[in-house]
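I have placed the structure first, in the form of structure tokens, so that the comments after it can refer back to it.
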Amino acid sequence: MDKRILYYSGLIWGKLPLIMAIGISILALILACTDTNTPVSLRPEVTTRYLTWLGGIGAILAAVSILHPESPGEIEPLATVPAKASRLILSRWTIVLILNIIPAWVALLVATLLSDRPLLASWASSAIAYLSAIVLLGGVALFISAIGRQSLIGIVGGIFLLLIVTLVPIPERFQAINLLRSGEAWIQPNLWWGSRLTYFLIGIVLGWVGSVRLGDFDYLLTGGRTNSVRPNTSHSTIWKRKPNSFPDQFFAFGRNALPLGSGFLANEWVYDAWQVLLRGALPIAVLSLVIVTCGLACIGLNWELHLAIDAPRSAMLFGTIIIPLLTCDTIPAERRIRSDQLSLSALSLPAYIKDKISGNVVVVLIVLLIGALPVCIFYLLTIMMDTRLSIAALVMWFGITLPYFGYLTAVSTQLGALFSGRSGYAVGVILAIGGIILYVLAGEIPILNYIFPCGPAAADTLLGFAQGFPLERLSGPSLVVPLWTLALFPLSALIQIIVLYKVSTAILLRRPA
Amino acid sequence: MITIQNLNKIYPGGCHAINDISFTFDAGVYGLLGPNGAGKTTLIRLLVGLLRPTSGKIEIDGLNLATPEGQEHARRVLGYLPQELGLHGILTVEQELDYFALLKGIRSEVARRKEVANLLEQVGLVEQHRLRIKDLSGGQKRRLGIAVSLIGQPHLLIVDEPTAGLDPAERVRFRNLLSELGAEGRVVILSTHIVDDIAQTCRELVVIQSGSILFQGSVSTLTKYAQRQVWVTTNAYEIAGLDPSQLVSSCQKEDGTETRFLGQSTPLARSVQPTLEDAYLLLINDLLRPDF
């Protein structure tokens, strides 16, 4: 590949991953350095874990941003150039991976220098662990977005993989295969090196297959010779199509965020929410599945039923990823499809955004209530003998998890509107997803816990009190805040939502839809 | 030269988008006309190799597009301006052309610079060559799109809805540019549903509807078929009795509303000279005389 082509690829597709990678690396370093519970010698290991988690999201977002299969405008210009499209895609993917990996390696080097471990060995193992994880996650996302011919499906698939490797418990003797760890490199070297090599190879193969698929224009534009995928119809003609069958709606997750209603024309957010609920079978199913999975993951391989109390905390971790995915493209998608109707609507932009937020929040809360029922019953049965745990579980679910998801929905909906107004639909939605994740993770920084007492910190606090503060049982890096700060959470959330609402409407009003 | 034989395209959902089409494009500017959803974009995507035909054959300069040699040849001799331009807003005009010249296989930097300078001159973007693409106007972006499609001096040029959204002055400028390119011995295929663009630019046209060819021939021939089938009347009773599919336009005049309509005459109507638009409407509404 010509070095000039690589230069232009870097110029076009590299800016976003590079900014994200630098930001992620700095954030991971801050998180590791401020985590006072971790001994200095383990800082590289902790930084690797944070970095892999955050950088993995960065790699997933970057991989699917190099070609949006759903956009003919990006595919067609490649039709009449002799350079093979699959090679171009592969070169773009290589560039975004390199731009992701280099800042992370620098951050890992800094973390190693700050520790008292052998520099080269410690740095090399964490750098290799990071490389294999990023290649795997990026490859999976690229592969899924190519096969599904939709960027969002790639993002969802990649993030699901990340969540699975985070939450699925691995027996102690097999910890070396954990994707997010590097510390076991010298304890079980064969298993560790073997698993890293396997992850790397799987990532490379999936990335290569995805690139070849992305070079098959007939497949991208029409579904090719397979019958399993929809014709790629432009949004201007969607209204002409027959309504999708129920199974099609059910598996439509990822194509759009929550299904769109049209209540904005009548200024009725209840109608909007109702439409979303009627058509949103899959979000309900996904969230229910997530909650049940979280419950089972908390119980663990030893089947310690009382640990089900951690389920809401794990659900919040999942929700931090899934809620932005479900909600952040609702306004941009509607503005894109219905810009004419919106411009003719008597509804003002601030009122429209307010309606959309209200509708989304109501839907998410209803979905959560329905989805949580089985697991609520399940874990209440398991801990009913312990009144303190039962009350804590109920308070945690209804007092913290649900309001946190509502807060997250409101923030994601607004960030989606804000970023897409600036950068166009696809890039805007990807930026919004990345933005909201970083925004929420910023709440994990201990010093910010007091001024930004977001859900996970509040949940940890309550869990700690319910269990008499066996802090070693608590997952996550949060500093547990004093109990009285729980009262600040709704206030802080409300202030944040109002400020964001004012800022986003003020900025959006300056630009055309 | 492009030769198409018994071309069919059936989408996975069963939609028969192109239905047994055969024709030949030689040097000159050709119009591809049809209503929305007629199959124009599908046909164009088949011609440029974006889609694979379900059956039938496309040959470019005698080489079958289904073979690797045919695809390789097509990518070298074909220029394509899609509906959505897919330009990279972050690059400058000059960088974008340089990038596509590289992708087109022009390795020498000197040759690329010369090519880029010529193209900028040809499409009138010399003064904007250092501007970022996101800062260009709609018309300038279209001109840059045509410059991108002309990289490597292709002798087959396919443009899909190139004048959509342009103001009248830009449209005229764009049409003249296409005429010049056609006069240089290229095959230029202009796909549009703006009849006026075809009338002003093309000698020959193909009208397609529901994936099938309705007409293939010269613009003047199609217009001639419409002779004595285009009428004007100001009589309110006659206007009220017309079928909506016959109506072309109504214009308020001093002596009442003058209505232009197609097909069967009425007693008080007078015949007028048909335009290409009249002929096209007669054709797609199945109103042409049986001898057509």
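The values are calculated or read from the model by the stated rules, or taken from the named source; none is laboratory data. None of the values given here were measured: they were computed from a predicted structure. So basically every Cβ, Gly included, is an ideal-geometry build from the backbone, and we count neighbours across all protein chains shown. Quick note on the areas: whole protein, heavy atoms, side chains included, nothing else; ligands and nucleic acids left out. Shrake-Rupley method; radii C 1.70, N 1.55, O 1.52, S 1.80 Å.
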message = Running a GNM on chain B with Cα contacts under 10 Å, which residue among B:E121, B:E277, B:E94 ends up with the highest mean-square fluctuation?
response = B:E121
key: the stretch B:230-273, relative contact order [Cα under 8 Å, separation at least 6], %   = 55 percent
ask   = Considering protein heavy atoms only and a 1.4 Å probe radius, which residues within the stretch B:49-80 exhibit an accessible-area decrease of no less than 50 Å² in the full assembly relative to the chain by itself?
value = B:L50, B:R52, B:R75
message = Filter A:K84/B:K57; A:K502/B:K134; A:K3/B:K9; B:K40/B:K253; A:K354/B:K141 down to the pairs with a C-alpha to C-alpha distance above 32 Å, please.
response = A:K3/B:K9; B:K40/B:K253; A:K354/B:K141
remark   = Label model pair B:T67, B:L247: point-to-point distance (7 angstrom along the Cα→beta-carbon line) in nm is 5.6 nm
remark   = With the dipole of the stretch A:42-111 defined by +1 on each Lys or Arg Cβ and -1 on each Asp or Glu Cβ, the option from A:S91, A:G73, A:V46 whose Cα lies farthest towards the positive pole is A:V46
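Helix-only mean residue ellipticity at 222 nm, chain B, DSSP H runs n ≥ 4 weighted -39,500 (n - 2.57), per residue, nearest 500. What is it?
-10000 deg cm²/dmol
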message = If I compute solvent accessible area with a 1.4 Å probe over the protein chains, what percent of it on chain B is carbon and sulfur?
response = 48 percent
query = Per residue, what volume in Å³ does the Cα convex hull of the stretch B:230-273 take up?
reply = 70 Å³
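Between B:H129 and A:Q188, what's the calculated FRET efficiency when r is the beta-carbon distance and R0 is 60 Å? Round to 0.05.
Values: r = 59 Å, r/R0 = 0.99.
Here the calculated transfer efficiency is 0.50.
In square angstrom and rounded to 100, what buried accessible area do you get between chains A and B, total over both, with the probe at 1.4 Å? Each step should come with its number before you reach the end.
Details: alone 22530 and 14560 Å², together 34060 Å².
The A and B chains share an interface burying roughly 3000 Å².
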task = May I ask you to compute the full-extension gain from A:Q175 to A:L42, defined as 0.36 nm times their residue separation minus their alpha-carbon distance, rounded to one decimal in nm?
result = 46.3 nm
ask   = Using a 1.4 angstrom probe on protein heavy atoms only, which residues from the stretch A:69-118 are buried by at least 40 Å² of accessible area when all chains are present rather than their own chain alone?
value = A:G73, A:E76, A:P77, A:A79, A:T80, A:V81, A:P82
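Would you tally the net charge around B:Q122, using a Cβ to Cβ cut-off of less than 10 Å, leaving B:Q122 out, and scoring K and R as +1, D and E as -1? The partial results should precede the final answer.
Details: positive: B:R143; negative: B:E121, B:E180.
Taking every Cβ under 10 Å from that of B:Q122, the sum is -1.
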task = Would you work out what percent of the accessible area of the stretch A:2-138, with all protein chains in place, is carbon or sulfur (probe 1.4 Å)?
result = 73 percent
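How big is the C-alpha Rg of the stretch B:2-222 next to the rule-of-thumb value 2.2 N^0.38 Å, as a ratio? Please report the intermediate quantities before stating the final value.
Details: Rg = 17.2 Å, N = 221, 2.2 N^0.38 = 17.1 Å.
Rounded to two decimals, the normalised Rg is 1.01.
Given a 1.4 angstrom probe, what's the average accessible area per residue across the stretch B:2-222, in square angstrom?
Numbers: 8720 Å² over 221 residues.
I get 39 Å² per residue for the stretch B:2-222.
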